Protein chains: 2
Amino acid sequence: MKVLIVHAHPEPKSFTSSMLHRAVRTFEMQGHDVTVSDLYAMQWNPVASAADFDMRRNPDYLVYALEQRENVAANAIAPDIAAELDKLIACDLLILSFPLYWCSVPAIMKGWLDRVLVSGKVYGGVRFYDRGGMRGKRALLAYSCGGRDYMFGADGVHGEMDLMMRHMLRGTLGYAGFDVLPSFVAHHVPYIGDQARAAMLDRYGEYLTQLDRVAPLPFPTLDDFDGEMRPRERVAI
Amino acid sequence: MKVLIVHAHPEPKSFTSSMLHRAVRTFEMQGHDVTVSDLYAMQWNPVASAADFDMRRNPDYLVYALEQRENVAANAIAPDIAAELDKLIACDLLILSFPLYWCSVPAIMKGWLDRVLVSGKVYGGVRFYDRGGMRGKRALLAYSCGGRDYMFGADGVHGEMDLMMRHMLRGTLGYAGFDVLPSFVAHHVPYIGDQARAAMLDRYGEYLTQLDRVAPLPFPTLDDFDGEMRPRERVAI
């Protein structure tokens, strides 16, 4: 299996970075092929802009997704995007590894998604969810956060974590066609001691060895919608 | 009323940029004081890093939120963050104006949130939701997207848009203590003609003149939770 881990943390000695190292070691011990994109170390540029395109379909008016499609097809997309796109296309499993910033990924990782999940390859037209460009691949969020687990339960103060992360799980990874596996969440990390952290890393490593036994999250199938994306049942009424 | 509009679009001639201009004109005609942070024009740096801090509580290990708190208190936070924080503290209404990228804000705007919504001023400890630092202020998302409105209904292919945007509405703006007003969403923008766009801009302008009549979205009150953020009813059982 080819694993791509996209990682973003501004502190190389952080717990989240230890999660990265544990993941790499775990997969390599299983004989898998692991590639890491460490976005802070790479000084990844997160800003989608006209500078991403060597040629322009419309030089006077930037429609970012349109230029993505055209520039990827013409091998004219910025080299940093092209390199990441190659890694993405090659992988069987994508892991996004990050600390939770405002109930989402840090900006540097959002900019990886904005720039690398290109129209044409990853999605486009009615190619999303179970027809998305990434179908056949699996994806997983692995993140740390400050809150305790019960704060993100159904009756917790923030409601369910997966609802808070719906834009990532469904709106991004599910939309792109990945089979999205249940997230690994390391709770309350800034406030716990070394022993609890070590146990959490063990739990993470163990989870990564059992991914074949985990059912992906349920998302819509486009079979239930017509060509205009209206629910088929409704149309039949 | 002081209005801060934080805007992010890579194309100055875009429809979303027209929304910005309409908002500015509408508020100024009403005699309000409008400040715009146009993130692409400002070449805003979205990457939270150690470079944001002129002094370090812990120079060997970066805990970003901790250094935010300390550096804001010591007036040692990066000047670009300090300038935005001043605008934020001064405003009565915050509008985030953007095109939807992967069911969220573009990375450059995520980096405004990551860097400017600082621990200590905006949130911290048990200061969130109705005890958040931004209480008394209102906030609003105004965004464009490619999908049609029915795709984001309760039985739409993507489910409800506000659920997809929960990380922003509740996890970010609500958490920070803002009264969050219903979003203005411009649907299907890349595929509609000039007339439909003009009508949409009119609808946006009209909405902005009626904000006083709009009820904010409901979020939890911390009165319902104990000091450990467990639901009070549960504790009483």
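The other copies place their residue A:58 label points at 5.0 nm from this one, listed shortest first, where each point is 7 Å from Cα along Cα→Cβ. Taking amide H as placed 1.01 Å from N in the peptide plane, residue B:186 has its amide H under 5 Å from the amide H of B:143, B:144, B:145, each at least 5 places away in sequence or on another chain.
Under Stokes-Einstein, with the Kirkwood radius over Cα pairs standing in for Rh, what whole-number D in µm²/s applies to the range B:74-232 at 37 °C and 0.692 mPa s? D = 191 µm²/s.
In sequence order, the range A:190-206 has phi-based couplings of x, 10, 10, x, 4, 5, 5, 5, 4, 5, 5, 5, 4, 4, 5, x, 4 Hz under the Karplus curve 6.51 cos²θ - 1.76 cosθ + 1.60, θ = phi - 60°, and Gly or Pro positions carry x.
Neighbours of residue B:190 by Cβ distance under 14 Å: Lys/Arg scored +1, Asp/Glu scored -1, total +2.
Starting from the Kirkwood radius over alpha-carbon pairs of the protein assembly as shown, derive D by Stokes-Einstein at 37 °C in a medium of 0.692 mPa s and give it in µm² s⁻¹. In µm²/s, the coefficient rounds to 142. Spin-label model, residue B:29 to residue B:86: label points 7 Å out along the Cα-to-beta-carbon direction sit 3.1 nm apart. Relative to one another, the C-alpha centroids of the range A:112-169 and the range B:53-119 are positioned 24 Å apart.
In the range A:88-153, the ratio of gyration radius to Kirkwood radius, Rg to Rh, stands at 1.04 when only Cα atoms are counted.
Beta bridges assigned by DSSP with both partners in the protein assembly as shown are antiparallel in approximately 15 percent of cases. Relative to the 2.2 N^0.38 Å rule of thumb, the range B:135-220 has a C-alpha radius of gyration ratio of 1.16. The Rg/Rh ratio for the range A:1-146, using Cα coordinates for both the radius of gyration and the Kirkwood hydrodynamic radius, is 0.99.
In chain A, Cα pairs under 8 Å separated by at least six residues give a relative contact order of 21 percent. Entry note, the range B:47-162: relative contact order of 26 percent, from Cα contacts under 8 Å with a spacing of 6+ residues.
A label point on residue A:75, set 7 Å along the Cα-to-Cβ line, lies at 5.7 nm from each of its counterparts in the other copies, closest listed first.
In plain terms, the chain from residue A:51 to residue A:215 could stretch by 55.0 nm, reckoned as 0.36 nm per residue minus the Cα-Cα distance. For the range B:27-131, the set of GluC sites (Glu not before Pro) satisfying both a DSSP loop assignment and a count of at most 11 other C-beta atoms within 10 Å is empty. Near the amide H of residue A:37, within less than 5 Å, lie the amide hydrogens of A:5, A:6, A:7, all on another chain or at least 5 residues away, with H placed in the peptide plane. In this assembly of identical copies, the label point of residue A:197 (Cα plus 7 Å along Cα-to-Cβ) is separated from its counterparts by 5.2 nm, sorted shortest first. Along the range B:65-81 the Karplus relation, 6.51 cos²θ - 1.76 cosθ + 1.60 evaluated at θ = phi - 60°, assigns HN-Hα couplings of 5, 5, 5, 3, 4, 5, 6, 5, 4, 9, 6, 10, 6, 3, x, 5, 5 Hz to successive residues, with x for each Gly and Pro. The phi torsions of the range B:10-25, fed into the Karplus equation with coefficients 6.51, -1.76 and 1.60 and a -60° offset, translate into couplings of x, 10, x, 9, 5, 4, 4, 5, 4, 4, 4, 4, 4, 5, 4, 4 Hz, rounded to whole numbers, with Gly and Pro shown as x. For the range A:58-155, trypsin sites (Lys or Arg not before Pro) are listed when DSSP marks them as loop and at most 15 other Cβ atoms sit within 10 Å of their Cβ; the list is A:135.
Summarising the amide proton neighbourhood of residue A:123: residues at separation of 5 or more, or on other chains, whose placed amide H is nearer than 5 Å comprise A:133.
Among the lysines of the protein assembly as shown, pairs that are 8 or more positions apart or on different chains and have alpha carbons within less than 25 Å of each other number 29.
Where a number appears in this text, it was derived from the coordinates with a stated rule and is not lab data. Bear in mind that the values here come from a model prediction, so they are computed numbers and not experimental data. Cβ atoms come from the backbone with ideal geometry, glycine included; neighbour counts cover every protein chain shown.
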